[in-house]
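Mind looking over this structure? Questions follow.
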Amino acid sequence: PILTTFAPLRRYNLAAGVLHTLSAVAVVALSNDFALPVNANYMAGPPGTSDRQMVDLLQIRMSWLIGAFFVLSALAHFTVAGPQRTSYEDHLANTRNPFRWIEYSLSSSLMTVAIAQLTGIADAPALLALIGVNASMIGFGWIQERYERPGGSLMPFWLGCIAGIVPWLAIGVYLLAPGADAHAPGFVYAIYVSLFAFFNCFALVQYLQYKKDGRFANYVTGEKTYLVLSLVAKSLLAWQIFSATLAG
């Protein structure tokens with residue numbers, strides 16, 4: 001299919017960049033200093049003993065974490081609308097957008113950390129593992145575009161789906177809290193369910209692109225959908241967290 005003109009995409013990217021920037025400024029400016037710890041539980045004796053030493057390594061201010069993934073998105077949008085516009089449009093003509101996958105590997109990993117911390121996951125190695133698995137999921141999406149064409153194999157896509165479900169299963173363990181007498185507050189469950197749905201929408205877009213389904217046979221339709229999904233998903237996570245923990 002013939003790709004539509006790329007001119008509207010520049011306006012889409014500029015608008016998205018401005019909205020992400022405004023959201024970052026608003027969250028940081030209006031938030032309290034709510035922070036969550038990152039810690040490590042070290043051995044304090046020989047292997048197999050119950051002696052442990054819990055050490056807080058750092059505190060992550062949630063407003064700065066949210067601001068960071070908004071800023072990363074804004075930078076990506078301004079980059080492809082400005083200095084890298086020609087490269088961006090050349091890649092789009094070949095049904096690719098590496099800029100998207102680079103940004104997602106960073107911003108969605110920060111989003112995953114925010115969700116994990118809100119469910120009580122504070123262990124540094126666990127958070128690093130969640131970042132690594134999430135970035136791997138994004139990497140498989142990039143590989144799908146880099147080495148396959150619409151209508152071709154979906155093997156990298158399915159591998160990405162397998163990697164992508166792991167962080168949600170890990171976080172879900174803390175939400176289900178088997179054996180625990182208390183559970184996370186309701187807003188944490190709302191964040192988990194809503195962001196899980198949106199993350200799956202990104203996967204659905206790529207699936208429809210590579211199945212050349214209806215309007216998604218045109219790669220630019222998928223690109224526009226990614227832009228909207230990115231803004232909505234980040235805003236949904238940010239303002240749910242803000243209203244529950246950061247307001248005032």
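Closer than 27 Å to GLY139 by Cα and modelled with pLDDT under 95: which single residue out of ARG96, ARG52, ARG100 fits that description?
ARG96
What are the residue pairs meeting all of these: first residue in segment 181-195, first residue surrounded by 11 or more Cβ atoms within 10 Å (Cβ to Cβ), second residue modelled with pLDDT of 90 or more and hydroxyl-bearing (Ser, Thr, Tyr), Cβ atoms under 7 Å, and 6 or more apart or on different chains?
Going by the 7 Å Cβ cut-off, the qualifying pairs are ALA184/THR119; VAL188/THR119.
Output the residue which, of all residues in segment 206-223 that are crowded, with 16+ Cβ neighbours inside 10 Å and within 22 Å of ARG10 (Cβ to Cβ), is farthest from the chain's Cα centre (by Cα).
Within segment 206-223, the match that is farthest from the chain's Cα centre (by Cα) is ASN218.
Could I ask something else about it? Would you mind stating whether ALA124 is of a type in the set (A, V, I, L, M, F, W, C), touching a Leu at 6+ places or on another chain (Cβ under 7 Å) and modelled with pLDDT under 95?
Details: of a type in the set (A, V, I, L, M, F, W, C): yes; touching a Leu at 6+ places or on another chain (Cβ under 7 Å): yes; modelled with pLDDT under 95: no.
Taking the combined requirement at face value, the residue does not satisfy it.
Name the single residue that is most open to solvent (accessible area, probe 1.4 Å) among those in segment 15-60 being of a type outside the set (Gly, Ala, Ser) and closer than 18 Å to VAL232 by Cα. Before you say what the answer is, go through the steps one by one.
Here is the first cut: in segment 15-60, the ones of a type outside the set (Gly, Ala, Ser) are 18-22, 25, 27-28, 30, 32-34, 36-39, 41-43, 46-47, 49, 51-60.
Next, from what is left, pick out any that are closer than 18 Å to VAL232 by Cα: 18-22, 25, 27.
Details: VAL18: 71, LEU19: 80, HIS20: 0, THR21: 53, LEU22: 107, VAL25: 91, VAL27: 0 Å².
Result: LEU22.
Among the residues of segment 157-181, which ones are of a type in the set (A, V, I, L, M) and either at pLDDT 95 or above or assigned to a helix (DSSP H, G or I) (or both)?
Keep residues of segment 157-181 that are of a type in the set (A, V, I, L, M), which gives 159, 162-163, 165-166, 169-171, 173, 175-177, 180.
Scanning segment 157-181 gives LEU159, ILE162, ALA163, ILE165, VAL166, LEU169, ALA170, ILE171, VAL173, LEU175, LEU176.
In segment 140-154, is there at least one residue being under 24 Å from ALA238 (Cβ atoms), modelled with pLDDT of 90 or more and not polar (S, T, N, Q)? Step through it out loud before you land on a result.
Taking segment 140-154 as the starting set, the residues that turn out to be under 24 Å from ALA238 (Cβ atoms) are 141.
From what's left, modelled with pLDDT of 90 or more: 141.
From the residues that got through so far, the ones that are not polar (S, T, N, Q) too are 141.
Yes: one or more hits.
Right, here's the next one. Looking at (1) under 23 Å from ALA244 (Cβ atoms); (2) open to solvent by 40 Å² or more (accessible area, probe 1.4 Å); (3) of a type outside the set (D, E, K, R), which is the only condition ILE165 fails?
If we test ILE165 against (1) under 23 Å from ALA244 (Cβ atoms); (2) open to solvent by 40 Å² or more (accessible area, probe 1.4 Å); (3) of a type outside the set (D, E, K, R), just (1) comes out false.
Pairs please, first residue from segment 144-160 and in contact (Cβ under 8 Å) with a residue 12 or more places away in the chain, second anywhere and of a type in the set (Ser, Thr, Tyr) and open to solvent by 20 Å² or more (accessible area, probe 1.4 Å), Cβ atoms under 8 Å, 6+ apart in sequence or on different chains.
GLU145/THR95; ARG149/THR95; PRO150/THR95; LEU154/TYR207; PRO156/TYR147; PHE157/TYR207; GLY160/SER136
Among residues belonging to segment 29-75 that are without any contact (Cβ under 8 Å) to a residue 60 or more places away in the chain and of a type in the set (Val, Ile, Thr), point out the one that is farthest from ALA116 (Cα to Cα). If you could, list the steps in order and put the result at the bottom.
Step one: of segment 29-75, the residues without any contact (Cβ under 8 Å) to a residue 60 or more places away in the chain are 29, 33, 35, 42-56, 58-61, 64-65, 67-68, 71-72, 74-75.
When the remaining residues are screened for being of a type in the set (Val, Ile, Thr), the result is 49, 55, 60, 71.
Working: THR49: 28, VAL55: 19, ILE60: 12, VAL71: 20 Å.
Among residues in segment 29-75 that are without any contact (Cβ under 8 Å) to a residue 60 or more places away in the chain and of a type in the set (Val, Ile, Thr), the one farthest from ALA116 (Cα to Cα) is THR49.
Looking at this structure, is ALA129 without any contact (Cβ under 8 Å) to a residue 60 or more places away in the chain and more than 24 Å from LEU22 (Cβ to Cβ)? Step through it out loud before you land on a result.
Details: without any contact (Cβ under 8 Å) to a residue 60 or more places away in the chain: yes; more than 24 Å from LEU22 (Cβ to Cβ): yes.
Taking the combined requirement at face value, the residue satisfies it.
Quick check: anything in segment 171-180 without any contact (Cβ under 8 Å) to a residue 60 or more places away in the chain and closer than 16 Å to SER108 by Cα?
Taking segment 171-180 first, the residues without any contact (Cβ under 8 Å) to a residue 60 or more places away in the chain are 171-180.
Right, trim to closer than 16 Å to SER108 by Cα and you get 171.
Yes, some residue in segment 171-180 is without any contact (Cβ under 8 Å) to a residue 60 or more places away in the chain and closer than 16 Å to SER108 by Cα.
For segment 95-106, does any single residue satisfy the condition of being more than 22 Å from TYR207 (Cβ to Cβ) and of a type outside the set (D, E, K, R)?
Narrowing segment 95-106 to residues more than 22 Å from TYR207 (Cβ to Cβ): 106.
Filter once more, keeping what is of a type outside the set (D, E, K, R): 106.
Yes; the residues of segment 95-106 include at least one that is more than 22 Å from TYR207 (Cβ to Cβ) and of a type outside the set (D, E, K, R).
The values are calculated or read from the model by the stated rules, or taken from the named source; none is laboratory data. All figures in this text were calculated on a predicted structure; none of them were measured in a lab. Every residue, glycine among them, receives a Cβ derived from its backbone with ideal geometry; neighbour counts consider all protein chains shown. What goes into the accessible areas is simple: the full protein's heavy atoms, side chains included, and nothing from ligands, DNA or RNA. Shrake-Rupley method; radii C 1.70, N 1.55, O 1.52, S 1.80 Å.
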